[in-house]
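Take a look at the structure set out below.
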Amino acid sequence: MSFGLYLEFANRSGELLFRQPVHCLPAKVGRSLRNDFVLDDPYVAATHLELEKDPEHAGHLLVRDLGSHNGIWLGGRRVQQARLRPGESLHLGHTQLRLRSADETLPPERPDTHSSRIFSLPTGLVLLAFVLLMTVQERYLGDFSEISIKNWFLTLLISPGLILGWAAIWAAVTRLFAGRAQFGCHLAIAGWGLLGLEVLQKLLALGAYSFSLPALAPTPNLAAIATAIWVLFHHLSLAQLRWPRINLPLATLIAALPTCVWMMSNWEGSHTLIGERLVGELYAPALRVAPAISSEAFVKRIAGLRGEVDAVRHAGNTDDDGED
């Protein structure tokens with residue numbers, strides 16, 4: 001006979017050990033093999049507790065301690081006897097017992113956003129190769145010194161090594177919490193993050209140059225922060241933590257720690273939080289959208305800037321004299 005009730009047994013951290021239907025009542029729980037529900041927990045008595053049908057409330061169970069040393073705990077209090085409703089749990093020894101009903105309403109299935117091919121191992125390897133090519137290109141364009149085989153070898157070794165190590169760390173975390181490593185998926189997440197960051201930074205730099213908007217110059221740094229949060233969020237989602245709602249706040253917190261250090265360093269060096277308002281990327285003049293400035297207007301603007309600089313210098317000298 002089935003009562004439509006199930007007992008779930010989990011360890012102290014909440015990890016499910018086994019689930020078993022309730023076929024007969026009363027039923028006993030303990031370490032002895034003579035019990036209806038057998039637990040492999042040294043802190044549980046041979047026959048620890050007994051479960052009985054609640055005559056007043058259908059679908060509820062009455063729990064009674066059978067004289068165990070460690071007792072049973074419900075709602076943080078030790079009890080001798082209590083009523084257990086579906087969805088409630090109690091503790092005996094180092095084991096958590098939870099009552100479930102076959103008729104309970106379940107939340108909708110969680111969408112698996114990482115099951116597509118864009119998060120597969122082949123995609124991750126392709127993205128890794130692309131990131132390596134971008135690293136080599138930037139090194140080639142930015143290195144004006146004599147080409148050193150050692151430096152190029154380190155470039156080819158360090159960049160993919162860091163990405164592979166990062167993916168391996170998250171694969172270990174996922175193996176710990178979700179039971180599967182999914183190294184390829186973590187590698188693809190890191191690859192997409194680096195690729196998206198590169199594209200986004202180039203677009204923002206191009207916009208700052210094309211439209212003559214110095215305000216866009218520091219935004220690539222903000223794009224790096226947003227990309228880091230996106231990458232960490234997907235890593236945490238794949239790890240399947242017990243509380244998925246904290247994935248985004250936790251990712252934001254992890255990204256905020258180095259961001260605060262970086263912003264304080266910027267403030268000490270240049271009194272800016274996210275970077276200077278200077279356009280650092282120059283492109284072909286054909287990509288300019290902003291109207292050209294005449295020579296006369298440029299000279300007048302320079303004169304105005306000279307006055308502003310002189311005023312700042314004068315204010316600085318006044319402050320120094322006051323301190324002396």
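The values are calculated or read from the model by the stated rules, or taken from the named source; none is laboratory data. Small disclaimer: the values here were computed from a predicted structure and weren't measured. Positions of Cβ are backbone-derived with ideal geometry, glycine not excepted, and every protein chain shown enters the neighbour counts. Note: areas computed on protein heavy atoms with side chains; ligands, DNA, RNA excluded. Shrake-Rupley method; radii C 1.70, N 1.55, O 1.52, S 1.80 Å.
Is there any pair linking a residue in region 66-79 that is free of Cβ contacts under 8 Å to residues at least 12 places away in the same chain to one that is charged (D, E, K, R) and outside any strand (DSSP E or B), with Cβ under 9 Å and at least six apart or on different chains, and which?
Filtered contacts from region 66-79: Gly75/Glu88.
In region 63-72, how many are in a strand (DSSP E or B) and either surrounded by fewer than 16 Cβ atoms within 10 Å (Cβ to Cβ) or more than 42 Å from the chain's Cα centre (by Cα) (or both)?
Of the residues in region 63-72, 2 are in a strand (DSSP E or B) and either surrounded by fewer than 16 Cβ atoms within 10 Å (Cβ to Cβ) or more than 42 Å from the chain's Cα centre (by Cα) (or both).
Can you name every residue in region 44-60 that is closer than 16 Å to Glu88 by Cβ and either among the hydrophobic types (A, V, I, L, M, F, W, C) or under 43 Å from the mean Cα position of the chain (by Cα) (or both)?
If the condition is that a residue be closer than 16 Å to Glu88 by Cβ and either among the hydrophobic types (A, V, I, L, M, F, W, C) or under 43 Å from the mean Cα position of the chain (by Cα) (or both), then Leu49, Leu51, Ala58, Gly59, His60 are the ones that fit.
Kindly provide the set of residues from region 79-106 that are in a loop (DSSP other than H, G, I, E, B) and β-branched (Val, Ile, Thr), ordered by number.
Answer for region 79-106, where residues must be in a loop (DSSP other than H, G, I, E, B) and β-branched (Val, Ile, Thr): just Thr105.
Among the residues of region 98-143, count how many are of a type in the set (Phe, Trp, Tyr), open to solvent by 90 Å² or more (accessible area, probe 1.4 Å) and touching a helix residue (DSSP H, G or I) at 6+ places or on another chain (Cβ under 8 Å).
Qualifying residue count for the region: 1.
Suppose the filter is of a type in the set (Val, Ile, Thr), more than 20 Å from the chain's Cα centre (by Cα), open to solvent by less than 50 Å² (accessible area, probe 1.4 Å) and modelled with pLDDT under 90; does Thr259 pass it?
no
Of everything in region 41-61, what is closer than 17 Å to Leu5 by Cα and without any contact (Cβ under 8 Å) to a residue 24 or more places away in the chain? Give them in sequence order.
Scanning region 41-61 gives Pro55, Glu56, Ala58.
Among the residues of region 6-57 satisfying the criterion of being part of a loop (DSSP other than H, G, I, E, B) and acidic (Asp, Glu), which is nearest to Arg83 (Cα to Cα)?
Only one residue tops the list, namely Asp54.
What are the residue pairs meeting all of these: first residue in region 158-176, first residue touching a residue at least 40 places away in the same chain (Cβ under 8 Å), second residue among the basic types (Lys, Arg) and exposed (fewer than 14 other Cβ atoms within 10 Å of the Cβ), Cβ atoms under 8 Å, and 6 or more apart or on different chains?
From residues that are touching a residue at least 40 places away in the same chain (Cβ under 8 Å), the pairs are Thr174/Arg180.
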